[in-house]
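J.: Dumping the structure here so I can ask a few things about it.
We did not get these values from a lab; they are worked out from the coordinates using the rules stated. Quick caveat, the model's predicted, so the values are computed rather than measured. FYI the Cβ positions are ideal-geometry reconstructions off the backbone, even for glycines, and counts take in every protein chain you see.
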Amino acid sequence: MNLKTASRFLKIKLPLIGLLTATLGFLTVHADEFRQDFTITGSTTLSVSNVGWSGYLGNTATDVSNTISGGPSGSFLGIGGVVGNPGPGVGYLAAFNGQATAPLVFTAVQTGLNLTSPSTITWNMNGNNTTYSTVYLLVQVSGSSFWYATTATFSPNSNTTTANFNAATNIQSSFTFTTAAASWSAFDLNPGTSAGLGVVQTSDLSSNTITGIGFYISAPGTASSLTRIDGLSITYAPIPESSTYALLLGSASLAGLLVFRCRSH
């Protein structure tokens, strides 16, 4: 290869290498994060609809999405009007059973998501007494109108006063997402009619794209039983947009043109 040919080679090949490297770097799929910190403005407890969630009370799934009243003995499902965990924002999901002896269940969900290939789901959770609630993570997946509840159960690891929730430690719960049948039970959510756990699945979930997320909280029959949930995080891998594929196609075409020019000279 003479000096002139080598010079032409470098002028064409080096930009080509740079272009392909930049394109591949752009196409690398990085993990993304969905977060729900239940943040509100002010110091008043608000309904769950203020953060885009729906809420249901009891086994009959009474719709309380737009209210924090109507539960027995002052029970409610809402967004607490104090600093959550993590702070400094105000707000957390609050499920309060005001009954002295009777247990009560709460269902809170958010829909309209599109979280592809989720991996880890975490949230912060504690209570206000040592008799803790039992909590199930709920999901809805692409292509299905059904809800599913984890067969694994979760309970708060600590108890504090409401004012001290933002300073509570050792309160994170975690679930590694899987479509495996043994990890999920059917969950019946029929607003105004029923809410409750069904049988363990015998087939894997039909998709690994989460379109809905939520919690089913079974609160014990202990006076003033309050469960707090905050800092919900879902790590997932977003699908590249169509413009990304267009960039790849354009880069490949340009690379082909450069190679052709190199050979023709």
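J.: What is the sum of charges, Lys and Arg at +1 and Asp and Glu at -1, for the other residues whose Cβ falls under 11 Å from the Cβ of Gly91?
T.: On the way: positive: Arg228; negative: Asp37, Asp230.
Summing Lys/Arg as +1 and Asp/Glu as -1 gives -1.
J.: Working only with C-alpha atoms, what are the Rg and Dmax values of region 92-143, expressed in angstrom?
T.: 14.5, 43
J.: Estimate the FRET efficiency between Ala237 and Thr101 by the formula 1/(1 + (r/R0)^6), using the beta-carbon distance for r and 45 Å for R0, to the nearest 0.05.
T.: Working: r = 47 Å, r/R0 = 1.04.
FRET efficiency, Ala237 to Thr101: 0.45.
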